[in-house]
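A short worksheet on the structure shown next.
Computed from the coordinates by the stated procedures, all read-outs in this text should not be read as laboratory data. These figures come from a predicted structure and were not determined experimentally. In this analysis, Cβ positions are derived from the backbone assuming ideal geometry, glycine residues included, and neighbour counts consider all displayed protein chains.
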Amino acid sequence: MDLATIAGVLAGVFLIAFAIAHGGGLELFIHFPSMLIVGGGTLAATLVHFPLGDILKVLKVVQKAFLHKAPQPQETIAMVVDMARRVRREGVLALESQIEEVQDPFLKRGVQLIVDGTEPELIRDILSNEIAALEERHREGQSIFSSMGTYSPAFGMIGTLIGLIQMLRTLEDPTRIGGGMAVALITTFYGALAANLLFLPIAGKLKMRSEQEVLVKEMILTGLLAIQSGDTPRIVQDKMMAFLSPKYRRALEEVRV
């Protein structure tokens, strides 16, 4: 579970609610017609923009923002290096008995290709295409939330315009102008809040998660190709660690061959 995402959303809601409560009361900011304009309008525009099937998958995409477990590079490197040692001692076919122990589907597929004697260039093409397809699927989820982050402030402004038009009908009664203006601006508040505390941050988190996952898969691909080419376990590890920042390389010294 990603505590940072949950903590960020809860902290944002709490701080805004706290500021509102100390400035005049939360009840002034609860207006259901405005919620319907922003929420319903954003959903409607998203349905127009994206296929229904993609939108129905959005709950699974949200799970990656809140429940995703970040891949651990040190565990992956240690596993691939261990495979390299085994290949040096017993040959490539020795990996066949280890395939069922591999939990990562991408790594498992790559090991199976090596055991099957697939040419290196073909392995690179197959696994690179898989990475590209993964990136495309992730971009779909990111684009849905990015679009929602664009639509919600726009519908907030639309709700404000609706409120202003209704307010202008009561100009003959000056005592109602202030209250009408306050109600008209609430939709702008809802739209800005939804975009900047929920939709756009989730889109950004999903993009970061995708980049991390792609990096690990590219690192795995490099390690597998190094094993197939007959590199020593030390070289295999060095090639994989090249994908990591110097900070993480220092942390991984404990798994040095």
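Under the convention that each Lys and Arg Cβ holds +1 and each Asp and Glu Cβ holds -1, the size of the dipole of the chain around its Cα centre is about 460 debye. For the chain, the membrane-span-like helices by this rule, meaning whole DSSP H stretches whose C-alpha atoms cover at least 27 Å of axis and whose Kyte-Doolittle mean is 0.0 or above, are 120-168, 200-228; this says nothing about an actual membrane.
Computing FRET efficiency as 1/(1 + (r/R0)^6) for ALA4 and VAL115, where r is the C-beta to C-beta distance and R0 is 45 Å, gives about 0.70.
Pairs exceeding 25 Å between alpha-carbon atoms, taken from LYS60/LYS108; LYS60/LYS239; LYS205/LYS239: LYS60/LYS239; LYS205/LYS239. Modelled spin labels at GLU172 and GLU135, positioned 7 Å past Cα toward Cβ, are 6.5 nm from each other.
Between LEU47 and ILE99, the FRET efficiency from the beta-carbon distance, with R0 = 41 Å, is close to 0.40.
With each label modelled as a point 7 angstrom along the Cα→C-beta vector, the GLN72-GLN212 pair spans 1.3 nm.
Could you size up the charge dipole of segment 65-152 around its Cα centre, putting +1 on the beta carbon of Lys and Arg and -1 on that of Asp and Glu, and report it in debye to the nearest 20? Intermediate values should be presented prior to the final figure.
Values: 10 positive and 15 negative charges, 57 e Å.
About 280 debye.
Tell me, what is the percent relative contact order of the chain, built from C-alpha pairs under 8 Å that lie six or more residues apart?
29 percent
For LYS217, the aspartates and glutamates whose Cα falls under 15 Å of its own Cα, not counting residues fewer than eight places away in the same chain, are GLU75, ASP104, ASP125, GLU130, GLU135, GLU136. With a Förster radius of 51 Å applied to the C-beta separation of ALA11 and GLU90, the computed FRET efficiency comes to 0.45. Peptides 135-143, 218-226, 75-83, 49-57 ranked from most to least packed give 218-226, 75-83, 135-143, 49-57, packing being the mean of other C-beta atoms within 10 angstrom over each peptide's residues.
Per-residue packing, averaged as other Cβ atoms within 10 Å, sorts the ranges 116-123, 162-169 into the order 162-169, 116-123, beginning with the highest.
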